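Chemist: The structure's right below; bear with me while I get my questions together.
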Amino acid sequence: FSEITDSDSKSCSSHQSLNGTTRWAQSLESLLEDPEGVKNFRDFLKREFSEENVLFWQACEEFKKIQDKKQMQAKANEIYRNFLSNKASYQVNVEGQSRLDESILEKPHPLMFQKLQDQIFNLMKYDSYSRFLKSEMFLKLKETEEEEENSPDPQTAAKRASRIYNT
């Protein structure tokens with residue numbers, strides 16, 4: 001039993017010691033769990049004119065955490081207005097969008113956008129994410145991290161430590 005605990009703690013510590021780009025390259029899920037990863041991915045999507053996808057995904061994640069019915073209704077309306085309506089400023093391209101009846105906004109529930117969020121996640125995962133990992137932007141970030149890791153400069157090491165521990 002103690003061996004299992006040891007191996008678990010090792011895997012946790014090695015996961016934490018992975019630098020940003022290495023973690024981001026593991027999976028889209030890992031990238032989306034890291035605020036810095038989301039920021040860089042969003043910058044990349046902006047250049048591809050598809051930033052709305054990650055914004056919609058984030059809005060849906062926030063929406064699922066809301067407990068209060070009034071707040072839920074307000075957020076559901078905001079998501080609809082910003083991403084799903086015909087006049088949306090950040091309109092996402094999802095199947096079944098035209099069939100989304102505004103009347104569902106009157107009785108919101110935490111998973112009401114789940115199917116649409118899954119579509120956008122898959123679109124990002126199988127399309128934008130792979131391009132992001134091959135992009136000059138990502139490769140430069142990775143190169144910079146590797147240079148920092150190999151630098152004997154103690155100040156660089158301190159910066160790296162503060163980034164790892166978010167201090």
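Chemist: In whole Hz, what ³J(HN,Hα) sequence does the range 40-51 give by Karplus (6.51, -1.76, 1.60; θ = phi - 60°), x for Gly and Pro?
Modeler: Per residue, the Karplus-derived 3J(HN,Hα) values read 5, 5, 5, 4, 5, 5, 4, 5, 8, 6, 9, 4 Hz.
Chemist: Follow-up question, since we're still on this one. Return an integer: the convex hull volume of the alpha-carbon atoms of the range 17-62, in Å³ per residue.
Modeler: 69 Å³
Chemist: Still on this structure, please answer the following. So which lysines can K69 reach, going by Cα to Cα under 19 Å and dropping same-chain residues fewer than 8 places off?
Modeler: K107
Chemist: Right, here's the next one. Which links in K87/K115; K64/K142; K75/K142; K75/K115; K65/K134; K70/K125 stretch past 29 Å when you go from one Cα to the other?
Modeler: Cα-Cα > 29 Å for K64/K142; K75/K142; K65/K134; K70/K125; rest within.
Chemist: If you keep only loop residues by DSSP, which chymotrypsin sites (Phe, Trp or Tyr not before Pro) in the range 17-111 have at most 11 other Cβ atoms within 10 Å of their Cβ?
Modeler: F49
Every number in this text was worked out from the coordinates using simple rules, so none of it is lab data. Everything quoted here is computed from the prediction, not taken from an experiment. With ideal geometry, Cβ positions are generated from the backbone for all residues, glycine too; neighbour counts draw on all protein chains shown.
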